[in-house]
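One structure is given here, and the rest of the page talks about it.
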Amino acid sequence: VFGEDEYYLAFVGTPSATSPWMLQFGGHHLAINLTMAGNQASMAPSLPAAQPATYTFEGRTVRPLGNENDKAFALINVLNDAQRTQAILGYRVSDLVLGPGQDGRTIQPEGIRASALSPTQQGMLLDIVREWAGIMNESFAEPRMVENRANLPQTYFAWSGPTTNGCSAYFRIQGPTLVVEYVKQNSVDHIHTIYRDP
């Protein structure tokens, strides 16, 4: 069921400043799972998605997932030919590989290893990751980013589809403590993403 009234809030456990508990919020194209445990938190797994991908509200253009899109296209387009050959998959990916219903599933990393990127390109990759890890406030996001920076040498960036911004494409960022997937579903106006911590 679609519609602005079809979003739900659930508490799993008792909210506490010390004991673990979970807040779930979601509906069509949004599933946020926030697990709290004292001064630590995780939003994995969560599914931020969008349809439409662009709309006008109070006279301004809104692009949910616009930064994620633009930063990924910027990264794929600064790779040199040898790096692109490693990053671009030899097959088309048209939906999330580790999306809903795939909890606990693991896949072989594909694409270019972050250790094969320049320091500037590595920074661009981490900036994309922050778009998901940073949905939470900074005090909760920064520990996730510390983990992701520490695991950067074992993190991969994979791409499927055209590399011209505005086209339908797929990308995955996969490391020991992170899986991010982004895919445009059949059109640029229908986007699915997933954020997981294996």
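The values are calculated or read from the model by the stated rules, or taken from the named source; none is laboratory data. Here the structure is a predicted model, which is why all the values come from computation and not from measurement. Ideal geometry is used to build each Cβ from the backbone, glycine not excepted, and the neighbour counts take in all protein chains shown. Heads up: the accessible areas ignore ligands, DNA and RNA and are worked out on the full protein's heavy atoms, side chains in. Shrake-Rupley method; radii C 1.70, N 1.55, O 1.52, S 1.80 Å.
Using a 1.4 angstrom probe with every protein chain in place, what is the largest-first accessible-area order of F140, F73?
F140, F73
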Exposed-loop-free span, longest in the chain, where GluC sites (Glu not before Pro) count as exposed if DSSP calls them loop and at most 15 other C-beta atoms lie within 10 Å: 59-198
Global form of the stretch 49-98, assessed from the alpha-carbon gyration tensor, a/c cut-off 1.5: oblate
Which labelled figure in (i) 0.97; (ii) 1.04; (iii) 1.01 is Rg/Rh (Cα atoms, Kirkwood Rh), once derived from the coordinates: (i)
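At most 14 other Cβ atoms within 10 Å plus a DSSP loop assignment makes a site exposed; report the longest stretch of the chain without any exposed trypsin sites (Lys or Arg not before Pro).
106-198
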Global geometry of the stretch 136-198, whether rounded, prolate or oblate, following the gyration tensor of its Cα atoms and the 1.5 cut on a/c: prolate
Stretch gain in nm, segment F2-N80, where the contour uses 0.36 nm per residue and the Cα spacing is subtracted: 23.8 nm
Bins of 10 Å, starting at 0 and running to the largest distance - Cα pair percent for the stretch 15-72: 20, 35, 28, 16, 1
